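Visitor: There's a structure below that I have some questions on.
Bear in mind that the values in this text are calculations on the coordinates, not laboratory data. Nothing here was measured: the structure is a model prediction, and the numbers come from that model. Neighbour counts are summed over all protein chains in view; Cβ atoms, including those assigned to glycine, are modelled from backbone coordinates with ideal geometry.
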Amino acid sequence: MRDLLARILPDSVMEQVERESRNWYFRCSCGHEFDIWSIGGIRYKAAGRPRRLVTCPECGKTDFLKLNRRE
């Protein structure tokens, strides 16, 4: 999805998408925090704190983790 958006959106908008996506992060039960952008996701102009099934890049555990936003 990111590749498709990168082809059709101007660079300035894509930079905003990346910047905002990096503010949304998961916190694994092992304590590791990682942003949605680093695992291939996008979160732009969004609200709420949904749960997603993700695999922690640190410990390898797959679990439903809450998506949080840094202010």
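Visitor: Of (1) exposed (fewer than 14 other Cβ atoms within 10 Å of the Cβ); (2) touching a residue at least 24 places away in the same chain (Cβ under 8 Å), ASP11 satisfies all except one. Which?
Guide: (2)
Visitor: Can you run down the residue pairs with Cβ atoms below 9 Å, 6 or more apart or on separate chains, where the first is in the range 48-61 and free of Cβ contacts under 8 Å to residues at least 24 places away in the same chain and the partner is hydrophobic (A, V, I, L, M, F, W, C) and surrounded by 11 or more Cβ atoms within 10 Å (Cβ to Cβ)?
Guide: GLY48/LEU67; ARG49/LEU67; PRO50/LEU67; ARG51/LEU65; ARG51/LEU67; LEU53/LEU65; THR55/ILE39
Visitor: How many residues does the range 24-54 contain that are surrounded by 15 or more Cβ atoms within 10 Å (Cβ to Cβ) and either in contact with a Leu (Cβ under 6 Å, 6 or more places away or on another chain) or not aromatic (Phe, Trp, Tyr) (or both)?
Guide: Number of matching residues: 9.
Visitor: Follow-up. Among what's in the range 22-71 and is outside any loop (DSSP other than H, G, I, E, B) and among the polar types (S, T, N, Q), pick the residue that is farthest from ALA6 (Cα to Cα). Steps first, answer last, please.
Guide: Of all residues in the range 22-71, those outside any loop (DSSP other than H, G, I, E, B) come to 24-27, 33-35, 37-39, 51-55, 62-69.
With among the polar types (S, T, N, Q) added as a condition, the list becomes 38, 55, 62, 68.
On the way: SER38: 16, THR55: 25, THR62: 29, ASN68: 25 Å.
Residue satisfying both the conditions and the ranking: THR62.
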